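The block underneath contains the structure these notes are about, expressed in structure tokens.
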2 protein chains.
Amino acid sequence: MATRQNVKLASAVQEAAGQPLDQSLLLNLVGYNCRRAYLTIIPLFEERMKKFNLRAVDFTVLTLLHANPNITQKRLSKAVNVSPPNLAILLDRLEERGLVMRQRNPLDKRSQALVLTAEGTKLCLKAEKTVTELELEATSMLSDAERAQLVSLLQKIFIREEEAEG
Amino acid sequence: MATRQNVKLASAVQEAAGQPLDQSLLLNLVGYNCRRAYLTIIPLFEERMKKFNLRAVDFTVLTLLHANPNITQKRLSKAVNVSPPNLAILLDRLEERGLVMRQRNPLDKRSQALVLTAEGTKLCLKAEKTVTELELEATSMLSDAERAQLVSLLQKIFIREEEAEG
DNA sequence: TATTGTTATACTCTATAACTATA
DNA sequence: TATAGTTATAGAGTATAACAATA
């Protein structure tokens, strides 16, 4: 039935439907824009990394072990922001796949030195190449100078934080 | 026992422990930097928004309804990147709290027009103020010009995508 | 007693299939 | 038949507590 209320609502709905979405407040927030940009890049990442069967975290771990052989799980845990219990099962999976090795540290048998296997290194190199390429594609609307500046501005936000842990 | 293997490993571990973490490859990736910057801002967001009992998604929904009264769930679902089933329960919670209202569209009774209640509007305004302030704090190492440029560069990455849906 | 890493487990988030009601 | 929204549920991701081994 066309009550006065309904008539009013109907026109309000039509009005809203015709309007482009106003997200001006959100678009002024740095955090929101970071997330949106990240969510634009990550699907391409996942698509290209499917052939290596690597998620973003897995890739991060492999790259860090590639550049930092023999670091401990504790240090890796902080670097990738994954809690020790969750890192343990992540590493279980990579170890089962023959990509990573855990070696008891002879100097302190509580800790373990993490290294890539030969196969892990091979996969990591291929994955790194793929990621570097895909990143350029996903940000192809930026000039090299713009991309460099973007990275530099983003790092200003988080780089101080990490100095504490090194 | 100090086998030759163990001695070698021990020195490798010590070497690794003394070294600062090399994350040069990751730090050249736009996606990685976006995520790191986002993960730096979001804890402050969560801390400040605790008093409003709002998660990031909840805030996004409220702000969008504030700026776009009477939009449908379908449109909101796309805008906030939450699937219809998950949006339904998110809105259930906001509705239970008396912040949001769902009104059947008299023109098409399948859809619903979403609006903030008076209380929802009040909370949203306070939350928007808090978020705007916290964002400035979290990015206080950037000048206004730098912040504006950062936002502009980030939007270049994702803005084209969204033109399709409006 | 403190630390590294693990196991077990609970909790939240996200994704999917099947359903209701409207069109 | 197709669409908006819901319910139910499964799966992935994340967080926490309790434990073993070592220091």
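The values are calculated or read from the model by the stated rules, or taken from the named source; none is laboratory data. Please read these numbers as outputs of a predicted model, since none were measured by experiment. With ideal geometry, Cβ positions are generated from the backbone for all residues, glycine too; neighbour counts draw on all protein chains shown. Keep in mind that these areas ignore ligands, DNA and RNA; they rest on the heavy atoms of the full protein, side chains included. Shrake-Rupley method; radii C 1.70, N 1.55, O 1.52, S 1.80 Å.
Conditions (1) out of contact with any His (no Cβ under 6 Å at 6 or more places or on another chain); (2) away from DNA strand D (no atom under 13 Å from the Cβ); (3) under 19 Å from B:LEU26 (Cβ atoms), marked per residue:
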{"site": "A:ASP22", "(1), (2), (3)": "yes, yes, no"}
{"site": "A:LEU29", "(1), (2), (3)": "yes, yes, no"}
{"site": "A:ARG48", "(1), (2), (3)": "yes, yes, yes"}
{"site": "A:THR72", "(1), (2), (3)": "yes, no, yes"}
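Taking the stated definitions as given, is A:ASN105 at the interface with another protein chain (Cβ under 9 Å from one of its Cβ atoms), out of contact with any Asp or Glu (no Cβ under 9 Å at 6 or more places or on another chain), surrounded by 12 or more Cβ atoms within 10 Å (Cβ to Cβ) and over 24 Å from A:GLU47 (Cβ atoms)? Judged against the criteria, A:ASN105 is a match. Would you tally the residues in segment A:48-92 being open to solvent by 20 Å² or more (accessible area, probe 1.4 Å), over 18 Å from the mean Cα position of the chain (by Cα) and away from DNA strand C (no atom under 11 Å from the Cβ)? Count: 1. Applying the criterion of being more than 14 Å from every other protein chain (Cβ to nearest Cβ) and open to solvent by less than 90 Å² (accessible area, probe 1.4 Å) to the residues of segment B:93-102, the residue that is farthest from DNA strand C (Cβ to nearest atom) is B:GLY98.
Can you pull out the residues in segment A:54-92 that are more than 14 Å from chain B (Cβ to nearest Cβ) and touching an Asp or Glu at 6+ places or on another chain (Cβ under 6 Å)? Hits for segment A:54-92: nothing passes. Residues that are more than 16 Å from the chain's Cα centre (by Cα) and surrounded by 15 or more Cβ atoms within 10 Å (Cβ to Cβ) were ranked within segment A:125-155; the one that is farthest from B:THR139 (Cα to Cα) is A:LEU142.
Open to solvent by 50 Å² or more (accessible area, probe 1.4 Å) and free of Cβ contacts under 8 Å to residues at least 24 places away in the same chain: is that true of B:ALA17 in this structure? Considered against the rule, which asks whether it is open to solvent by 50 Å² or more (accessible area, probe 1.4 Å) and free of Cβ contacts under 8 Å to residues at least 24 places away in the same chain, B:ALA17 comes out as yes.
All told, B:LEU39 falls short of being within 15 Å of the chain's Cα centre (by Cα), open to solvent by 30 Å² or more (accessible area, probe 1.4 Å), in contact (Cβ under 8 Å) with a residue 60 or more places away in the chain and closer than 30 Å to A:THR63 by Cβ.
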